[in-house]
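Chemist: Take a look at this one; I'll ask things after.
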Amino acid sequence: VTFGIYGLVKFFQCGTAYARLLPSRPSSFERLFWLYLGLGLGGAAANFVFHPLGLLLGVASFVTGILLLNEVLASREALVAASGARCELTGAATHKVLWIGGSLLAVVFVGLVALVVQAVFFFGDHDKLAGALGARPA
């Protein structure tokens, strides 16, 4: 309904919360997030003007998305380790497989389903971790 804007806003809030809760760990989340968003929007716009450039920007956005997911999952794991929070979270490999597979197959229905499942797992994990830390989910 929101063309992914709501999910992006919540993802940004989640990633910055992890970085804020663990200031001793340097994080490139914000830089990677804005780069991912800019490359994705630039690639979509460039497809209308010059398709090869749009394709190149799309690939760059995909690679940046993988780096962004790796960063937020590493921040999450560092926060769990530093806080001693006890909660069962979805494994990083599951998140990566669902996101990469969903992104590659987004042009067909199964890819969109994989991305929705990954998002549900991701935000569910965030809520579990917030509960384990005694905070309200962001």
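Chemist: In degrees, nearest 10, range 0 to 90: what is the angle between the Cα axis of helix 92-104 and the longest Cα principal axis of the chain?
Modeler: 20 degrees
Chemist: Residue-wise, which Karplus ³J(HN,Hα) couplings in Hz belong to segment 7-13, taking 6.51 cos²θ - 1.76 cosθ + 1.60, θ = phi - 60°, and x for glycine or proline?
Modeler: x, 5, 4, 5, 5, 4, 4
Chemist: How large is the dipole of the chain about the Cα centre if only Lys and Arg carry +1 and Asp and Glu carry -1, each at its Cβ, rounded to the nearest 20 debye?
Modeler: In debye, rounded to 20, the chain gives about 200.
Chemist: Provide the gained length on full extension for the span PHE123 to ILE66, in nm with one decimal, where the gain is 0.36 nm per separating residue minus the Cα-Cα distance.
Modeler: That works out to 18.8 nm of additional length.
Chemist: Between LEU8 and LEU41, what is the label-to-label distance in nm when each label sits 7 Å out along the Cα-to-Cβ direction?
Modeler: It is 0.6 nm.
Chemist: What trypsin sites (Lys or Arg not before Pro) does segment 30-130 have in DSSP loop regions with at most 11 other beta carbons within 10 Å?
Modeler: Loop-located and lightly packed - ARG86.
Chemist: Cα axis of helix 109-133 to longest principal axis of the chain: angle in degrees, 0 to 90, nearest 10?
Modeler: Helix 109-133 and the main axis of the chain meet at about 20 degrees.
Chemist: As I understand it, the dipole of segment 1-113 uses +1 on the Cβ of Lys and Arg and -1 on the Cβ of Asp and Glu, about the Cα centre. Which of LEU55, ALA19, LEU32 lies farthest toward its positive end?
Modeler: After comparing all options, I get ALA19.
Chemist: Sticking with this one: Excluding ligands, DNA and RNA, what is the solvent-accessible area per residue of segment 1-133 at a probe of 1.4 Å, expressed in Å²? All intermediate terms of the calculation are to be shown ahead of the outcome.
Modeler: Working: 7770 Å² over 133 residues.
The answer is 58 Å² per residue.
Chemist: In degrees from 0 to 90, rounded to the nearest 10, what is the angle of the helix 29-49 Cα long axis to the longest principal axis of the chain?
Modeler: Taking Cα atoms only, the helix is inclined about 20 degrees.
Chemist: Whole number please: convex hull volume per residue of the Cα set in segment 12-138, in Å³?
Modeler: Residue-normalised Cα hull volume stands at 98 Å³.
Chemist: Right, another one. For SER83, what accessible area in Å² do you get when you roll a 1.4 Å probe over the heavy atoms of the protein chains, rounding to the nearest 10?
Modeler: 60 Å²
Chemist: Within the accessible area of segment 1-115, what % is carbon and sulfur when the probe is 1.4 Å and the other protein chains stay in place?
Modeler: C and S atoms contribute 73 percent here.
Chemist: Also: Suppose R0 equals 25 Å; then what is the FRET efficiency for ALA74 and ALA106 from their Cβ-Cβ distance, rounded to the nearest 0.05? Before the final figure, lay out each step's value.
Modeler: Numbers: r = 24 Å, r/R0 = 0.98.
E(calc), rounded to 0.05, equals 0.55.
Chemist: Quick check: pseudo-label points 7 Å beyond the Cα along Cα→Cβ at VAL113 and HIS51, how many nm apart are they?
Modeler: Placing both labels 7 Å beyond Cα along the Cβ direction yields 3.0 nm.
Chemist: Another one. If you average the C-alpha positions of segment 89-138 and of segment 1-66 separately, how far apart do those two centres end up, in angstrom?
Modeler: So the separation of the two Cα centres works out to 16 Å.
Chemist: Please give me, ordered by residue number, the GluC sites (Glu not before Pro) of segment 1-89 that lie in loop per DSSP and have at most 13 other Cβ atoms within 10 Å. Display every interim value, and only then the final one.
Modeler: On the way: sites: GLU30, GLU71, GLU77, GLU88; in loops: GLU88.
In loop regions of segment 1-89 (DSSP not H, G, I, E or B), the sparsely surrounded GluC sites (Glu not before Pro) are GLU88.
Chemist: Output the relative contact order of the chain, whole-number percent, from Cα pairs under 8 angstrom with separation of 6+ residues.
Modeler: 21 percent
The values are calculated or read from the model by the stated rules, or taken from the named source; none is laboratory data. Small disclaimer: the values here were computed from a predicted structure and weren't measured. Ideal geometry is used to build each Cβ from the backbone, glycine not excepted, and the neighbour counts take in all protein chains shown. The area values use the complete protein model at the heavy-atom level, side chains included, leaving out ligands, DNA and RNA. Shrake-Rupley method; radii C 1.70, N 1.55, O 1.52, S 1.80 Å.
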